[in-house]
Amino acid sequence: MRGRVFTAAAAALALLLTGCSSDGDEADDGKIRLRFQSLAWQQDSVEANKELVAEWNAAHPDIQVDYVQGSWDSVHDQLLTSFEGGEAPDIIHDASDDLADFAYGGYLADLTTLLPARLKADIPARSWRTTTFGQGIYGVPFLQEPRVIMANKKILESSGVRIPTPERPWSWEEFRQVTKELTATMGKGGYAIAWPLKEPVSVSLNLGLSAGGQLFHRGADGKVTVRFTEADGIVPGTVHDQVNTDLSASRSTLGTGGSDALPGFFGGKYAMVPLGFSYRQQITQQAPKGFEWTVLPAPAGKEGLAQGVSPQTLSIAEDSPYKKEAARFLDFFLQPRNMVRLARGDWMLPTGTAALADPSLRTAKDGWATGAAVAQQLRSAPAQSVRGYPEWKDKVATPAFQEYYSGAIDADELRRRLVEDGNLVLARYQRD
């Protein structure tokens, strides 16, 4: 979901800009100035963000918004530094899975009474849950990105396998069987699927919801522990077996990012690549002439097409002296027509019900309709409100999943690490 190409120089510039501006300024001319740090990175998305800021500024001469460019690559540390230094932007673009520590730490404003009724009603409750921590709402979830399967249309159709639809998706069992059959038709060096799993944790947990996996469980005392059930093992087990038993998935892509798998996809080495929805833009821009591709839903389990997501969010800094003005800007920025512009700019899906119904997001071209259908089943990612999740992910889960998928450890060792080592990490964040 997050930006995949952002230079270190740009990140440094964002830091410099954040450090040199004063928060929530009232200029000498009496105008209120709000700083909006955006993480938009694709050209169309940056343009859409800047255009909306310009439109607001033209219509609100007394409340001016300054656009500041941030970076997904460094946003957590940069925000933490700016919060602690009292230099945070008034309006903060982030992702919901990055908000928990900031919300519990008192750095973000509770939006419960600041947001207009229109905006609250337009976004479904399942999306609001991604930004609700304790009794407060600490961000507006506005863009979401399901994981889908990009498929080589010619290879799929010539193989004779059943092509899934959102109404009749593959089950995880059928998906594994299809990839075995598909690989057999592709010849030496070809694989039915490539899993780019440089960051395996969110993929494993979010797709695992479809099979009934949850992994994180909150007790009556409010504390979270890790439990690895049979349902939690279905999706990781499928990927592991495709790579190590069936040889239907490429081993070489396990440590790569999504963009790294595209040349092999275009060249016919891989028939399918599971990717975030926004990768469709790269495919349309980079695919060779005549390359035919389609978008398929991810496999379904006992929970159907359920899938965890961490939407992009907009928050207001607790230290901002102009929270009401910032909330007015958010209301404007996230009007349905504007949400559509932002979604199309990022090649993602809006959370707003009115925006998601827009005909331009329901076309078969480029897979928009498939994404819109899947969007109805998106849920809060399992780790959404778990304090200590970033450390658990980096120190425990990422190496454990990487070793499991490569075949270096078995399922029992994966379970032991995620549960035993993982609970030790989480316990440090939940001491009374």
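The values are calculated or read from the model by the stated rules, or taken from the named source; none is laboratory data. Quick caveat, the model's predicted, so the values are computed rather than measured. With ideal geometry, Cβ positions are generated from the backbone for all residues, glycine too; neighbour counts draw on all protein chains shown. Ligands, DNA and RNA are excluded from the accessible area calculation, which covers all protein heavy atoms including side chains. Shrake-Rupley method; radii C 1.70, N 1.55, O 1.52, S 1.80 Å.
Of all residues in region 61-98 being out of contact with any Phe, Trp or Tyr (no Cβ under 8 Å at 6 or more places or on another chain) and assigned to a loop (DSSP other than H, G, I, E, B), which is most open to solvent (accessible area, probe 1.4 Å)?
Asp62
Is there a residue in region 272-279 that is outside any helix (DSSP H, G or I) and open to solvent by 10 Å² or more (accessible area, probe 1.4 Å)?
The answer is no, given that none of the residues of region 272-279 is outside any helix (DSSP H, G or I) and open to solvent by 10 Å² or more (accessible area, probe 1.4 Å).
Can you tell me how many residues within region 300-345 are open to solvent by 10 Å² or more (accessible area, probe 1.4 Å) and outside any strand (DSSP E or B)?
Matching residues across region 300-345 total 20.
Just one of the numbered conditions (1) at pLDDT 95 or above; (2) under 30 Å from Gly70 (Cα atoms); (3) within 23 Å of the chain's Cα centre (by Cα) is not true of Ser310; which one?
It is condition (1) that Ser310 fails.
For region 229-254, give me the residue count where each residue is farther than 18 Å from Arg147 by Cα, open to solvent by 30 Å² or more (accessible area, probe 1.4 Å) and of a type outside the set (Ser, Thr, Tyr).
7
Which of (1) closer than 29 Å to Ala298 by Cβ; (2) open to solvent by 60 Å² or more (accessible area, probe 1.4 Å) is the odd one out, the single condition Phe133 does not satisfy?
Looking at each condition in turn, Phe133 falls short on (2).
Trp128 - would you say it is at pLDDT 95 or above, within 25 Å of Asp94 (Cα to Cα) and among the aromatic types (Phe, Trp, Tyr)?
Values: at pLDDT 95 or above: yes; within 25 Å of Asp94 (Cα to Cα): yes; among the aromatic types (Phe, Trp, Tyr): yes.
Spelling it out, Trp128 is indeed at pLDDT 95 or above, within 25 Å of Asp94 (Cα to Cα) and among the aromatic types (Phe, Trp, Tyr).
Within region 106-137, which residues are hydrophobic (A, V, I, L, M, F, W, C) and over 21 Å from Gln376 (Cβ atoms)?
Leu108, Ala109, Leu111, Leu114, Leu115, Ala117, Phe133, Ile137
Return yes or no: is Arg218 basic (Lys, Arg), more than 25 Å from Glu145 (Cα to Cα) and touching a strand residue (DSSP E or B) at 6+ places or on another chain (Cβ under 6 Å)? Reasoning before the result, please.
Details: basic (Lys, Arg): yes; more than 25 Å from Glu145 (Cα to Cα): yes; touching a strand residue (DSSP E or B) at 6+ places or on another chain (Cβ under 6 Å): yes.
Judged against the criteria, Arg218 is a match.
Check Asn423 against each of (1) modelled with pLDDT under 95; (2) of a type in the set (S, T, N, Q); (3) closer than 14 Å to Val226 by Cα and name the one condition it does not meet.
Asn423 satisfies all of (1) modelled with pLDDT under 95; (2) of a type in the set (S, T, N, Q); (3) closer than 14 Å to Val226 by Cα except (1).
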